[in-house]
Amino acid sequence: MSAVGRVTCANLIGNATLQALILVGYQGTGNVIDIYVYNNITSPSPTQIFKLQNLYKGDARISGYNTIITAEVDQDSSDNKNAGGNNELHPDLFREFKWSNGAGTFVQIAFPGIFPVLTRYQAEDDQQQVNQGHQPWQISASMTAQALVANLLKWSPDSPATITRGGGEHDVEAAVDVTNKSPGGGTIHVAMSRLYGKVSNIWVSTAVTSDGMSITAPAAYERLVSPANVTGTSKAVGGKSGTIHIFDHTQTDIGHADVQPSQGNGSVTVSYNTTFKTGTQEGTVALYRPGSTDGSIAAAVIVKVLLG
């Protein structure tokens, strides 16, 4: 038996009219929900313009960007595959859909964020936590950059961070350089912005670059399919030019390939395997270059993408 769980109205298609986001739940299905969006909601016969079905332990809401953001369980993800039972499964797949006049419906888009979260759904949740006094490091540009290198590159959490542009309490943009203290370590440049451009909001890292390295393809927010061709540049250090990694929605490495010195200015094909088989997810492509001594990551370039 189905039942309407929640109805939210907002301007979702860019004109003066309102649309309705409707969540429908099903009894006895482990909290499976379907999502529908209707236009012409004041008419006797509203028009369905979007649907998304079978979101396990799912949720959907309208974002501060007037997009539809969703949450659901990816049962085969690295976070959920070893869960002891249904009660231990938790939503870990988050998607975002924006109205497209050309398509006449909502299409999936990528949130610009790379860290501390990949998706707008998570960013809005984090903002609520910060508003309640939790995770205060997320309102510091330098501390957010240090958390990025600790989590994504496995550098020391107290790696020296220098703000090179913006980053103040009245700024909405920032650039931060972070240096690896390990022998042979290098420096990365982290571009950041405030969520929704509000000075009271959290910092979100949107790009990571390093001198002498680049990813020229795929472009930011491009949709990939496996095997993916990654093109860029990387200067060889100690006979190694680096490794290309594909990371999924849980920041799990789902495919990688070494860049040989002869390929330092060329293209590498990377095969990957996603656990979410019924749609597209947000992820990243990273080029990591090892240090000259201990093999740790010395420099990196990270690009946000959609993974099909």
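Taking 0.36 nm per residue of separation and subtracting the current Cα-Cα distance, fully stretching the chain between HIS134 and ASN82 would add 15.8 nm.
The three principal axes of the Cα atoms in the stretch 1-59 give end-to-end lengths of 38, 22, 15 Å, sorted in falling order.
Modelled label positions at THR162 and ALA220, each set 7 Å beyond Cα in the direction of Cβ, lie 2.3 nm from each other.
For the stretch 199-245, the set of trypsin sites (Lys or Arg not before Pro) satisfying both a DSSP loop assignment and a count of at most 15 other C-beta atoms within 10 Å is given as LYS235.
Taking a ≥ b ≥ c as the square roots of the eigenvalues of the alpha-carbon gyration tensor, the chain is classed prolate because a/c is 1.5 or more and a/b outweighs b/c. Computed over protein heavy atoms with a 1.4 angstrom probe, the accessible surface ordering of GLU282, GLU169, GLU88, largest first, is GLU169, GLU88, GLU282. Over the stretch 144-210, the fraction of Cα-Cα pairs per 10 Å bin, rounded to whole percents and listed from the shortest bin up, is 23, 52, 22, 3. When the Cα positions of THR206, GLY25, GLN108 are compared along the charge dipole of the chain, GLN108 comes out farthest toward the positive end, with charges on each C-beta of Lys, Arg, Asp and Glu. Overall shape: oblate for the stretch 181-252, with the ratio a/c of the largest to smallest alpha carbon gyration tensor axis at 1.5 or above and b/c at least equal to a/b.
Remark on SER156: its backbone amide H falls under 5 Å from those of LYS181, a criterion applied only to residues 5 or more positions apart or on other chains, H modelled at 1.01 Å from N.
Calculated mean residue ellipticity at 222 nm for the chain: -2000 deg cm²/dmol, from DSSP H runs with n ≥ 4 weighted as -39500 (n - 2.57), summed, divided by the residue count and rounded to 500. Lysine pairs in the stretch 150-308 with alpha-carbon atoms under 23 Å apart, 8 or more places apart or on different chains: how many are there? Going through the stretch 150-308 pair by pair, I get 9. Computed over the alpha carbons of the stretch 105-198, Rg followed by Dmax gives 14.2, 52 Å. The trypsin sites (Lys or Arg not before Pro) of the stretch 116-175 that DSSP puts in a loop, and whose beta carbon has at most 16 other beta carbons within 10 Å, are LYS154. Computed over protein heavy atoms with a 1.4 Å probe, the accessible surface of the stretch 66-107 works out to 47 Å² per residue. Most fluctuating residue of SER43, SER182, SER234 in a GNM of the chain with Cα springs under 10 Å: which is it? Its mean-square fluctuation being the largest, the pick is SER43. Using only Cα coordinates, the Kirkwood hydrodynamic radius of the stretch 1-137 works out to 16.3 Å. Taking the Cα centre of the chain as reference, the dipole from Cβ charges on Lys and Arg (+1) and Asp and Glu (-1) amounts to some 440 debye. Each principal axis of the Cα cloud of the stretch 153-280 was taken in turn, and the coordinate range along them, longest first, works out to 43, 42, 24 Å.
The values are calculated or read from the model by the stated rules, or taken from the named source; none is laboratory data. Every value quoted in this text rests on a predicted model; they were computed, and no experiment measured them. Cβ: placed from backbone, ideal geometry, glycine included. Neighbour counts: every protein chain shown. Side chains included, ligands, DNA and RNA excluded: accessible areas come from the protein's heavy atoms. Shrake-Rupley method; radii C 1.70, N 1.55, O 1.52, S 1.80 Å.
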